[in-house]
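Read through the structure below, which is laid out as structure tokens, and then see the notes.
The values are calculated or read from the model by the stated rules, or taken from the named source; none is laboratory data. Quick caveat: nothing in here was measured; it's all calculated off a predicted structure. We place every Cβ from the backbone using ideal geometry, glycine too, and count neighbours over all the protein chains shown. With ligands, DNA and RNA removed, areas are computed over all heavy atoms of the protein, side chains included. Shrake-Rupley method; radii C 1.70, N 1.55, O 1.52, S 1.80 Å.
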Amino acid sequence: MATPEKAVITLDAMKMLDPCQLKPDSMETERIITVLDETIAKLEMSSLIPHITDSLDRFADTLGPEITNNLFEHQKLSNEIKHLLAGSEEEVTMRAEEQQDCLCLLEQRLKCSVRNVLRLLLANPSLCQALKYEAWARKSPAEVFIKAFGEFRNFMLKRLLTSPVEEKEKIQFMETISLQIKKNTEAITALQAELAAAIQTQEEEIQKKDNVIKDLKTSLQDLAKDCKASIQQIKQEGEKQQKEELQASQAKCARLQQDIQQLGAQLSALVLEHRASELALRKRKCRLEMEIVNWIQKYDTDMGEKQAEYEEVHAAYAEEKAQLSLLTEKHALLLQEYSQIEEERRIRQEKEEQALKELNTMTLAATRIQAFWRGYLVRSLFKSKKKKGKGKGKSKGKGKGKGKKAKK
């Protein structure tokens, strides 16, 4: 039998296996469960609307004028739809399409009216709490649907709280336990088959012996007078042997039963051991999950600081980029002005070079002209001196010269 300590360990292991003991650790899970809870609250309120509209005078003071007016409009729409449905069942005419369009329009208006009434009711929690005491007036189909939706909510919570890894580990654990139980069941079945075979063999032997005894009794009845003492001795020996074999059979059955109990105890011990190991693994997993959550929080904090630093750097970068664009524009303007100045300087330099070239040409020409003029002057001076020298010579030999001209 299981001890109290083992029973407590088993209970803790079963609690760890139950996903409802875990708390939601995901924002998405909390959002989904919140949406389902809000839907259940809306279903509960919407299922009470017919009862409230039927007793609108009794609830008017509690509900207030705005909700009462909306419920009155909702009741009018419901009556119109009922009247239209009753008329469409009684009359089948060419206006069926118009009635269908009118019915669709009324249904849309009724849906909007229900949404408005629910919005006003849910905005007042104390009123919703007071109306929940009217749950006895809820119709059975609505109650069944709300109950089924609540079961769906619990099922979704279990599914959301059970991760794929946990589901896989749980399946593997259950498969291991099932395999162990199957093996133990097969062993028990084999032992029971052996026990049944031994019992059947014993019964067959006893039956055979009973038949032998009956045959002997029959033969002894014929020889009762002659072999009464022998028959009595044989009968005693048969009964003694029967008792011995019966005792042996009972001992064997007790031994087999003890083996079965030992195997059952081993099975219970293995189940407790596996559950205890699973509990330890669960605790380790929870501890690792907490460490992971702490690391994630630390990562989020570091990333928030890095993000703030990045935003500061990005703002400085944007400011410097704006300054760079302004400087680039100024540089482009200065570059354009510099290009113009360079062009003007080049044109001015070309003009200066052209003027210098012309000046050099004119200077060279003037130099040559002056040299030529000086040479001309010098030659002219030499020529004049030469002419003067020749004039003196001619005056000395004038007669000769005239004679020569005459001769010519």
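Here is a check on your reading of the model: is ALA332 of a type in the set (A, V, I, L, M, F, W, C) and within 49 Å of the chain's Cα centre (by Cα)? I'd like the intermediate steps shown before the answer.
On the way: of a type in the set (A, V, I, L, M, F, W, C): yes; within 49 Å of the chain's Cα centre (by Cα): no.
Criteria not met by ALA332.
Within the stretch 139-154, how many residues turn out to be more than 20 Å from ILE52 (Cβ to Cβ) and either open to solvent by less than 100 Å² (accessible area, probe 1.4 Å) or more than 33 Å from the chain's Cα centre (by Cα) (or both)? Can you show your working first?
Taking the stretch 139-154 first, the residues more than 20 Å from ILE52 (Cβ to Cβ) are 144, 147-154.
Checking the rest, the ones that are also either open to solvent by less than 100 Å² (accessible area, probe 1.4 Å) or more than 33 Å from the chain's Cα centre (by Cα) (or both) come to 144, 148-150, 152-154.
The number of residues fulfilling the criteria is 7.
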- For ILE177, all conditions in the list (1) modelled with pLDDT under 80; (2) closer than 30 Å to LEU270 by Cα hold save one; what is the number of the exception? (1)
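Out of all the residues in the stretch 251-274, is one or more assigned to a helix (DSSP H, G or I), touching an Asp or Glu at 6+ places or on another chain (Cβ under 9 Å) and either among the charged types (D, E, K, R) or open to solvent by 90 Å² or more (accessible area, probe 1.4 Å) (or both)?
The initial filter retains those residues of the stretch 251-274 that are assigned to a helix (DSSP H, G or I), namely 251-274.
In the following step, the residues that additionally are touching an Asp or Glu at 6+ places or on another chain (Cβ under 9 Å) were identified as 256.
Pick out the ones that are also either among the charged types (D, E, K, R) or open to solvent by 90 Å² or more (accessible area, probe 1.4 Å) (or both) and you get none.
No, because not a single residue in the stretch 251-274 is assigned to a helix (DSSP H, G or I), touching an Asp or Glu at 6+ places or on another chain (Cβ under 9 Å) and either among the charged types (D, E, K, R) or open to solvent by 90 Å² or more (accessible area, probe 1.4 Å) (or both).
For LEU43, are the conditions met, namely being of a type in the set (A, V, I, L, M), modelled with pLDDT of 75 or more and farther than 18 Å from CYS112 by Cα?
On the way: of a type in the set (A, V, I, L, M): yes; modelled with pLDDT of 75 or more: yes; farther than 18 Å from CYS112 by Cα: no.
Spelling it out, it is not the case that LEU43 is of a type in the set (A, V, I, L, M), modelled with pLDDT of 75 or more and farther than 18 Å from CYS112 by Cα.
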- Residue pairs within 6 Å by beta carbon, gap of at least six or interchain, first lying in the stretch 190-217 and in a helix (DSSP H, G or I), second of a type in the set (S, T, N, Q), listed first then second, are GLN202/SER249
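Would you confirm whether any residue within the stretch 278-295 is farther than 30 Å from GLN180 by Cβ, part of a loop (DSSP other than H, G, I, E, B) and either open to solvent by less than 90 Å² (accessible area, probe 1.4 Å) or not polar (S, T, N, Q) (or both)? Break it down into steps so the answer makes sense when it comes.
To start, the set of residues in the stretch 278-295 that are farther than 30 Å from GLN180 by Cβ comprises 290-295.
Of the ones still in play, those that are also part of a loop (DSSP other than H, G, I, E, B) are none.
Within the stretch 278-295, not a single residue is farther than 30 Å from GLN180 by Cβ, part of a loop (DSSP other than H, G, I, E, B) and either open to solvent by less than 90 Å² (accessible area, probe 1.4 Å) or not polar (S, T, N, Q) (or both).
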- Item | Matching residues in the stretch 189-202 - criterion: being in contact with a helix residue (DSSP H, G or I) (Cβ under 6 Å, 6 or more places away or on another chain) and either aromatic (Phe, Trp, Tyr) or over 17 Å from ALA248 (Cβ atoms) (or both) | LEU191
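Condition check: at pLDDT below 85 and farther than 30 Å from GLU273 by Cβ. Does ILE199 satisfy that? Step through it out loud before you land on a result.
Values: at pLDDT below 85: no; farther than 30 Å from GLU273 by Cβ: yes.
Judged against the criteria, ILE199 is not a match.
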- Sort through GLU91, GLU80 and tell me the only one that's farther than 24 Å from LEU118 by Cα and either among the charged types (D, E, K, R) or modelled with pLDDT of 70 or more (or both). GLU91
- Query: Taking into account only those residues within the stretch 202-223 that are open to solvent by 60 Å² or more (accessible area, probe 1.4 Å) and among the hydrophobic types (A, V, I, L, M, F, W, C), which is modelled with the lowest pLDDT?
  - Reply: LEU223
- Item | Residue list for the stretch 353-395, filter: open to solvent by less than 80 Å² (accessible area, probe 1.4 Å) and modelled with pLDDT under 85 | SER384, GLY389, GLY391, GLY393
